Amino acid sequence: MLILSKRLLAVSEMTGKVHTIADIGTDHAYLPVHLLKTGKADFAVCCDINKGPLDHAEKTVRDNNLSEKVSLRLGSGLAPLATGEAETVFICGMGGSLIIDIIEADREKALSAETIILQPQNDVPKVRKYLTENGFEIKNEKMVFDSGFYYTILSVKKGISPNLSESELLLGPCLIKEKPPVFLDYLNYKIEKLQALSDTLSEKDTPGAIAKQTEIQHQLTLIKEVL
């Protein structure tokens with residue numbers, strides 16, 4: 001029986017029923033197999049840059065009797081995927097800068113998808129900024145707390161993005177608007193972490209510490225304005 005982590009389950013809930021999905025950096029192919037077994041997709045393209053993870057994906061697919069519904073492809077980023085081949089493309093579980101690099105390397109191919117679901121492990125504001133400046137619009141956001149970490153999931157489409165404020169880039173336009181309980185927990189968590197760091201830096205008077213202190217206080221102001 002396939003059991004998804006809370007994070008991957010939240011990712012899977014960001015898409016409706018489509019014919020073909022693509023999972024970039026598929027690893028064990030848990031996400032596409034789940035989407036196929038729950039009827040959210042009829043076919044899946046599973047891509048990975050390394051053969052080892054793709055071998056693991058092949059085993060997962062085979063163990064779930066889904067070989068005829070999956071295409072396993074070795075390659076970097078979106079390169080193995082044909083333009084317009086998948087309605088929904090998932091790029092999840094990797095650093096924000098890498099996600100940006102993957103999209104930028106094949107931006108027209110990325111724009112050909114109806115929806116792209118992104119789950120950056122870090123640098124989420126940087127990802128939001130890139131998307132809104134390069135032909136994508138953030139349509140939905142979800143936050144989930146899993147195994148001691150907060151994860152942000154973005155659903156984006158080709159479109160003209162409204163100008164996002166500094167707070168929206170930092171914390172997410174949809175999350176700010178909807179304020180789900182897990183997001184409010186995250187804001188309080190961030191305040192505690194930033195305040196603790198500020199207290200530590202207050203004992204130092206180097207230019208670097210002073211600059212960092214200024215940045216922290218600015219972030220604290222933005223977060224508290226949202227609460």
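Considering only the stretch 168-176, I want to know if a residue exists there that is out of contact with any strand residue (DSSP E or B) (no Cβ under 9 Å at 6 or more places or on another chain) and in the same structural domain as residue 93 (by TED's automatic domain parsing).
Checking the stretch 168-176: not a single residue is out of contact with any strand residue (DSSP E or B) (no Cβ under 9 Å at 6 or more places or on another chain) and in the same structural domain as residue 93 (by TED's automatic domain parsing).
Out of all the residues in the stretch 186-205, which are over 27 Å from the mean Cα position of the chain (by Cα) and not basic (Lys, Arg)? I'd like the intermediate steps shown before the answer.
Filtering the stretch 186-205 for residues over 27 Å from the mean Cα position of the chain (by Cα) gives 196, 198-205.
Of everything in the stretch 186-205, those that are over 27 Å from the mean Cα position of the chain (by Cα) and not basic (Lys, Arg) turn out to be 196, 198, 199, 200, 201, 202, 203, 205.
Consider the stretch 165-185. How many of its residues are surrounded by fewer than 19 Cβ atoms within 10 Å (Cβ to Cβ) and in contact with a helix residue (DSSP H, G or I) (Cβ under 7 Å, 6 or more places away or on another chain)?
Residues meeting the conditions: 4.
Looking only at the stretch 21-42, how many residues end up being part of a strand (DSSP E or B) and within 19 Å of the chain's Cα centre (by Cα)? Outline the logic, then answer.
Restricting attention to the stretch 21-42, the residues satisfying the condition of being part of a strand (DSSP E or B) are 21-24, 41-42.
Remaining after also requiring within 19 Å of the chain's Cα centre (by Cα): 21-24.
Residues in the stretch 21-42 being part of a strand (DSSP E or B) and within 19 Å of the chain's Cα centre (by Cα): 4 in total.
Go through the stretch 1-20 and count every residue that is farther than 11 Å from residue 86 by Cβ and either outside any loop (DSSP other than H, G, I, E, B) or without any contact (Cβ under 8 Å) to a residue 40 or more places away in the chain (or both).
Qualifying residue count, the stretch 1-20: 12.
Looking at residue 190, is it surrounded by 14 or more Cβ atoms within 10 Å (Cβ to Cβ) and either farther than 20 Å from residue 128 by Cβ or in contact with a strand residue (DSSP E or B) (Cβ under 8 Å, 6 or more places away or on another chain) (or both)?
Values: surrounded by 14 or more Cβ atoms within 10 Å (Cβ to Cβ): yes; either farther than 20 Å from residue 128 by Cβ or in contact with a strand residue (DSSP E or B) (Cβ under 8 Å, 6 or more places away or on another chain) (or both): no.
Taking the combined requirement at face value, the residue does not satisfy it.
From the set of residues in the stretch 51-78 that are small (Gly, Ala, Ser) and under 26 Å from residue 152 (Cβ atoms), which is surrounded by the most Cβ atoms within 10 Å (Cβ to Cβ)? Write out each step before concluding.
Here is the first cut: in the stretch 51-78, the residues small (Gly, Ala, Ser) are 52, 57, 67, 71, 75-77.
Those left that are additionally under 26 Å from residue 152 (Cβ atoms): 57, 76-77.
Working: 57: 25, 76: 16, 77: 21.
Only one residue tops the list, namely 57.
Return the residue satisfying two criteria in turn: it lies in the stretch 43-60 and is among the aliphatic types (A, V, I, L, M) and either part of a strand (DSSP E or B) or not assigned by TED's automatic domain parsing to the domain that holds residue 85 (or both), and of such residues it is farthest from residue 103 (Cα to Cα). Write out each step before concluding.
The first filter runs over the stretch 43-60 and keeps only residues among the aliphatic types (A, V, I, L, M), leaving 44-45, 49, 54, 57.
Those left that are additionally either part of a strand (DSSP E or B) or not assigned by TED's automatic domain parsing to the domain that holds residue 85 (or both): 44-45.
Details: 44: 19, 45: 17 Å.
Once the filter is applied, the top-ranked residue is 44.
Mind checking which residues of the stretch 53-94 are among the polar types (S, T, N, Q) and within 23 Å of the chain's Cα centre (by Cα)?
Step one: filter the stretch 53-94 for residues among the polar types (S, T, N, Q), giving 60, 64-65, 67, 71, 76, 83, 88.
Scanning the stretch 53-94 gives 60, 71, 76, 83, 88.
The values are calculated or read from the model by the stated rules, or taken from the named source; none is laboratory data. Quick caveat, the model's predicted, so the values are computed rather than measured. A quick note on method: Cβ atoms are made from the backbone with ideal geometry, for glycine too, and the neighbour counts reach across all protein chains shown.
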